[in-house]
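Read-outs: derived from the displayed coordinates by stated rules, not from any lab. Note that the structure is predicted; figures quoted are calculated from it, not measured. So basically every Cβ, Gly included, is an ideal-geometry build from the backbone, and we count neighbours across all protein chains shown.
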Amino acid sequence: MTSRRSFYRKVAYLAVIAGLLLVLNWLFRPATGAPGGGTADPGGRLAQVRQQYHLGQTYLGEVDPTSETIKLVTLGMRGIAANILWTKSTEYHKKKDWTNLAATLKQLAKLQPNFISVWEYQAWNLAFNVSVEFDDYRQRYRWVIKGLDYLKEGMKYNEREALLPSTMGWFIGQKIGRSDEKKQFRRMFKEDDDFHGNRPMAERDNWLVARQWHLRAEDLVEHGGVMRRQGPLLYRSHAPMCLMNYADNLEKDGIFGEVAKLAWRAAAADWDRYGMLEMPSSFVKTVRLGEKELYQARAVKLFAELEALAPGLRVKLAEEKRARLSDTQRQVLALPGGKLLRLKKMGPGTVFGEMGIYTSAPRSASVIATERCVAYKLSVERFRVIQEKAPQLAAAVNRFIVALLAERVAEENAKNRAAQL
Amino acid sequence: MVDETPLIGFGDWIGPALWAWLATIGLFVVVALVVCWITSAMRYGPLAGARTVIGVFFDGLKDLALLSPRRIRALAWLAVKESIRRRTLAVFALFLVLLLFAGWFLDPESVNRSRLYISFVLTATSYLVLLLALFLSVLSLPADIKNRTIHTIMTKPVRPAEIVFGRILGFVLIGTALLVMMGAVSYVFVRRGMSHTHRVEIARMQEDDSASGGKSAPQAWKGRTGPAQGHRHDVYLDASGRARVEAENNHWHALTVTPELLADKKGATETGPPQGMLVARLPVYGKLRFVDRSGKPAAKGVNVGDEWTYRSYVEGGTLAAAVWTFGNVTEAEYPHGLPVELNLGVFRTHKGDIEKGVPGSLSVRNPRTGLRVEVRIFPAKEFVTDVQLIPRQLQTSDGRHVDLFGDLVSDGQVEIWLRCLAPAQYFGAAQRDVYLRARDTSFAVNFAKGYVGIWLQMVLIVGFGVMFSTFLSGPVAMIATLGVLVIGFFSGFVTDLATGKNIGGGPLESAIRLVTQENVITELEPGLQTTAAKMADKVFEQLLKGVAASVPSFSDFNYADFVADGFYIPRDRVLTGLATMLAFLLPVFVVGYFFLKTREVAR
């Protein structure tokens, strides 16, 4: 009896296991490729979702056994481990322990190889923040290169992220070409065989190399890559700007004549190319920056068409609106350029226009209330009455006004002095 | 090398430390006796209880006094055999596997490769050995008690003290053997990891104009070596075939160029193995004081805004200086002059001349007579150890010749003044930034001393493990020992927590902050809840203070930084470590003994 029962129990277990295996298979079965290159089996549900949203590790970039090992070893505590490493890296940075900082950053990246911001931020940290901690420009250069190498490493794992090559181009351009040490950096960069490999000497200018990286980023986007945060208006402008900077730097290096002219011409051509690219715009669907004249001509034509529909209507509408304005508004409109120049902003308890009482001249500035307020007026006539009937009160008002004017003069003097400094 | 702990000699440390230890132990014994008396008084009545406690106490003293080395040896051997039977040595295999794959994780292009490798092997060894010590020590006694195999020993004429001591000794022996093996393999691993040579192509070297001076001067060449381990060196070569390989990544290479190679300037050669990478400098530190910009003594230099206040800065182009006073400077010790090594911080407030280092001056002053002689003016190098030799014969600014030991050293004391010469630029200095490099000791010995640090930690863990296993079951004892290990590793944090220095408060306060998403520095809203939480945290702090005091700080036994940075591990440091270890081990052993003695099985 008991043996039969235990037999049934075992059968039930087996059935449950088989059922679970089926579910597992439905969920987790990996996709397999057909010999021809297509997929023979789309795989389980998860594999399909991964395929659909491009989340597969192999889709993102190179799969590194070390990185995978580290990820597995943390047993799901990857976030905590990354946090600890990040804290450690700030600590090492603070204590100027560069060996350990570099080592920690490598580990950090291995732990989260597809977290783009980590690559971007830490590469910037190395190339910009750590490098300047060194006094010797040669060491600084080496840390800039370390930052670049870090980015390159990141690109291996994230082949479809256009932000990384774009950042690379930005660093090579701006850090090497614009920092305090640009003279030394540009020279060292040209001589750096380890970085360039067999790139010919003529192409080793940092702006030209930077341009290559920017073009690579553009190319990536065109072939299905993603560009984070930057719109095409921005990231597509980098490559032509590099050519301009290149030409500019040629002249700064003392190379003029035909060479510089050619460089400028190339830059102009590339800028024109940028102008002919279709950019998404918030007005119409797409615009070409280079076709400004075309758009302007079209606007003029459309304007004329509009005028032709109802001649004189536009002028009439404008005049009607002008008629509805207050005096002050009209005065402001009559100012040169029709613009207000704010001289001073005053708060509650202020006195203004006091000079007019004494000089009887037109006021030197207008006062416009920006919000509802209560104002008390003292006319010249009323002031004369006070002077006759209560001279003490008038004297007090005078004293007050003199103190106020003195204060304003002092303020002006201080401003003048500051302006002279 | 950056070391933020104060320099205290063993002689100065041991006196106060010993008194503090004796006082703590005395207090502990009194408290333990009172607690024992109360427990037994509840069971047998006050008088009988007192009698029992006193009886056990004196029995214990007798037991401890009459330990037999022969029996201990036998019991220790038993523990060793048991450990081997439990395949402890597999840990060694694990270590080998770890080393095999270590190359994957260690940055091959690190600027300080030796540091990386040495830290890695020392850390890996200490984790493995400590875990092993933990498992071995906590599981053995409870298993014996459970299987009743303990009775086969208990029925023999052995004292419980000998059982505890024998176990500790046995496990320590096993751990030591493992450490020795791991140390030997690590040494080879580090040596091999450092070894590399560079290829030097003589044909690609260019004439060095800066060195040759005039046309008549002999020719000289300069060039770069081929790459290896992510770096290259500058090479200088003169007509006589003398070659100099510039230091890079903390090492240099020897290079010999044969006359044939030099003659036709073709072909290539290989440099020698790296030098200066694996060293153990013996530094002699001085006492640091500062002089401010107007020449008056100052407690500290200028803070240039670094969050890390290890270095204090002196302003350039003023009278400000950092002054190190060295003692025991004798002719016999330094026959060739004073070898000074500098590690400076440089802080520029303006760009200055980028191509050149900020100029500094190094001078020597007699602390008694005040005679000061400038030794040399040098461009500062940051994050590089700059080696300067102060020669025996020096010349003052007015042309007089002075002798280093005759005129500048008085009573074995001499001052070394460091000044920055460029206005508005700054030099940063810490006490250990300037030292006399008396001589180099053997790297292998220093490496071994690094392992002594791990050994001390292992002995402590074994002690705690065996002690806990005398009265707790295996898993519980393991958790307890693990607790000791964790608290010991984070003792700095625990001390901060116990003294209320930790930002964000104690456990309850932090919990409130976590839940209410309050940041760590804003004051909590006053009220009953906050007061209650703070009071509970105060109680916790007191508890933690007790725990922090009874658990050794494991970072005190960590000498990895010394070995990795190439500094001799001071003897005082090792002696202090040894004394600390014994100071903890002794009470731990005694407590373990009493627990085993009072347990049912032991009777």
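Odds and ends about this structure:
- Divide the volume of the convex hull around the Cα atoms of chain A by the residue count and you get 440 Å³ per residue.
- Value of relative contact order over chain A, rounded to a whole percent, pairs C-alpha under 8 Å and six or more apart: 7 percent
- Entry note, chain B: the mean residue ellipticity at 222 nm calculated from DSSP H runs of n ≥ 4, each adding -39500 (n - 2.57), is -16500 deg cm²/dmol after division by the residues and rounding to the nearest 500.
- A Förster radius of 41 Å combined with the Cβ-Cβ distance from A:Arg273 to A:Ala31 puts the calculated FRET efficiency at roughly 0.50.
- Peptides A:194-205, B:346-357 ordered by packing proxy, namely the average of other Cβ atoms within 10 Å per residue, highest first: B:346-357, A:194-205.
- Model label sites at A:Val132 and B:Val97, defined 7 Å from Cα along the beta-carbon direction, differ in position by 4.8 nm.
- Ranked B:Leu282, A:Leu75, B:Leu116, criterion: other C-beta atoms within 10 Å, fewest first: A:Leu75, B:Leu282, B:Leu116
- Filter on A:Lys182/A:Lys261; A:Lys110/B:Lys351; A:Lys94/B:Lys351; A:Lys94/B:Lys534; A:Lys183/A:Lys261; A:Lys152/A:Lys252 - keep pairs with C-alpha separation over 25 Å: A:Lys110/B:Lys351; A:Lys94/B:Lys534; A:Lys152/A:Lys252
- Within a straight-line Cα-Cα reach of under 18 Å, B:Lys62 can be paired with the following aspartates and glutamates, leaving aside sequence neighbours fewer than 8 residues apart in one chain: B:Glu162.
- Spherically averaged projected area of the convex hull of Cα atoms, the protein assembly as shown: 78.7 nm².
- Under the span-like rule (Cα at least 15 Å along the axis, Kyte-Doolittle mean at least 0.0), DSSP H helices of chain B: B:10-44, B:46-65, B:90-105, B:113-147, B:160-194, B:443-469, B:474-489, B:528-550, B:571-598
- Globularity index of the stretch B:199-272, i.e. its alpha-carbon radius of gyration over 2.2 N^0.38 Å: 1.07
- Sorting the segments A:85-93, B:200-208 by their residues' average number of neighbouring beta-carbon atoms within 10 angstrom, most packed first, yields A:85-93, B:200-208.
- Shape annotation for the stretch B:265-348: C-alpha extents along the principal axes are 59, 38, 26 Å, from largest to smallest.
- Dipole in debye (nearest 20) - the stretch B:199-272, about Cα centre, beta carbon charges: Lys, Arg +1; Asp, Glu -1: 60 debye
- Which of B:Met535, A:Met155, B:Met1, B:Met458 has the fewest Cβ neighbours within 10 Å, and the rest in rising order: B:Met535, B:Met1, A:Met155, B:Met458
- For the stretch B:116-272, the number of Lys pairs separated by eight or more positions or lying on different chains, with C-alpha atoms closer than 25 Å, is 5.
- R0 of 22 Å, Cβ-Cβ distance B:Glu246-B:Ser361: FRET efficiency to nearest 0.05: 0.35
- Each Lys and Arg adds +1 at its Cβ and each Asp and Glu adds -1 at its Cβ; summed about the Cα centre, chain A shows a dipole of about 1600 debye.
- Here the sum of -39500 (n - 2.57) over DSSP H runs of 4 or more residues, divided by the residues of chain A, equals -20500 deg cm²/dmol at 222 nm, to the nearest 500.
- Extension gain (nm, one decimal) between B:Glu4 and B:Phe28, 0.36 nm per residue minus Cα-Cα: 5.4 nm
- Computed over the stretch B:358-417, the ratio Rg/Rh where both radii use C-alpha atoms and Rh is Kirkwood: 1.00
- Proportion of all alpha-carbon pairs of the stretch B:311-429 beyond 20 Å (%): 43 percent
- Sequence of B:Cys36, B:Cys420, A:Cys373 once ranked by neighbouring C-beta atoms within 10 Å, starting from the fewest: A:Cys373, B:Cys36, B:Cys420
- Within chain B, the percentage of alpha carbon pairs spaced more than 37 angstrom apart rounds to 53%.
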